[in-house]
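Just below is one structure, and these are the notes that go with it.
The values are calculated or read from the model by the stated rules, or taken from the named source; none is laboratory data. Every value quoted in this text rests on a predicted model; they were computed, and no experiment measured them. Note that we place each Cβ from the backbone using ideal geometry, even for glycine, and neighbour counts take in every protein chain shown. The protein model used for the area step is the full one, side chains on, heavy atoms only, and it has no ligands, DNA or RNA in it. Shrake-Rupley method; radii C 1.70, N 1.55, O 1.52, S 1.80 Å.
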Amino acid sequence: MHHGAVADVRERLLRACPDDYVRVETEDHDIADVVLRDGAVGWTTRHWSHDTDWTTVLGADCEEVAEVARTLVALSTERDRPSGGLTVSRAAAAHVSRALPWEPSGQWEWWLTRHAPAYQQHEGRVVELSSQDPRLAELIAIWSPQASVGAGDAVVRSWVGIVADDRLLGCGADTRRHLQVPHLAGVVTEGGHRGRGYAGAICAKLTRDALAEGAPLVTLSMYSDNDAARRTYTRLGFRSQHAFSSGRLPG
């Protein structure tokens, strides 16, 4: 799809669903297909990290979400570029699984803020880190091997962390998966230093700096069962905008 057509399709999508997630997640993306219905909207784009197309469907009507998902997956197959995975509004996950051979493997939430957080304890200890710092890869590998980004990933704009006696106690990244919107990722604290507010200080620093540089908002994602992260992000002023279920589609 050429650039003008992509822009037109995205505009139709945003008119149908003027949602922050839709706006951010379709920015500067090649939209392969879009389906709009009264109770659900969906689209297929290239996944930011998986080497595959990915289908996303939002909506309050669970049956409509399932139908949009089924339609988009069929369209991707017709294009001979099958969608490799699916993200849907969590409430509709069971309906989608009945419509497609799909089982979600993760439940997560998308959060955002437009306001700088209150100053956090330990925020003054947060320092910039080189992406080549070997302590980054080691910390992530040991304490968060499922982290969505790694030390040298191209989407990372900057890494920060807290260091004591040359030991990296926590880290976090400002990633730019989209042109204007920072997405916090790779927030990891060494096991023995959890519960001390380091993650909050790291996220506060990244958020404050991004907004001061002119970012319109800052986003992040978290697994829904991570209660400690939920408390931290709520304290910083982030609000959960969407609860999702995601998983791969059979190849």
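List of remarks:
- Probe 1.4 Å - accessible area at Thr71, Å² to nearest ten: 40 Å²
- Residue-level accessible surface for Glu63, protein heavy atoms, 1.4 Å, Å²: 120 Å²
- Calculated FRET efficiency, Arg248 to Asp166, Cβ-Cβ distance, R0 = 51 Å: about 0.80 to the nearest 0.05.
- Solvent-accessible area per residue for the chain (1.4 angstrom probe, square angstrom): 48 Å²
- Accessible surface, 1.4 Å probe, highest first, among residues Val155, Val65: Val155, Val65
- Taking 0.36 nm per residue of separation and subtracting the current Cα-Cα distance, fully stretching the chain between Glu78 and Ile142 would add 18.8 nm.
- Computed from Cα positions, the angle between helix 198-212 and the longest principal axis of the chain comes to roughly 70 degrees.
- Most positive-pole-ward Cα, Gly186, Pro250, Thr175, against dipole of region 158-251 from beta carbon charges: Pro250
- With all protein chains modelled, accessible area of Tyr119 [1.4 Å, Å²]: 150 Å²
- Average 1/r across all pairs of distinct alpha carbons in region 1-106, invert it, and you get the Kirkwood radius: 13.7 Å.
- Carbon/sulfur fraction of accessible area - region 139-222, other protein chains in place, 1.4 Å, %: 47 percent
- Per-atom-type breakdown for region 50-101 gives carbon and sulfur 52% of the accessible area (1.4 Å probe, protein chains only).
- Rounded to the nearest 10 degrees, the inclination of helix 134-143 to the longest alpha-carbon principal axis of the chain is 60 degrees.
- Degrees separating the helix 3-16 axis from the principal Cα axis of the chain, which is the longest one: 90 degrees
- With a 1.4 Å probe rolled over the protein heavy atoms of all chains, the accessible area of Trp102, Trp48 falls in the order Trp48, Trp102, largest first.
- Normalised by the number of residues in region 165-251, the mean separation of alpha-carbon contacts (under 8 Å, six or more apart) gives a relative contact order of 25 percent.
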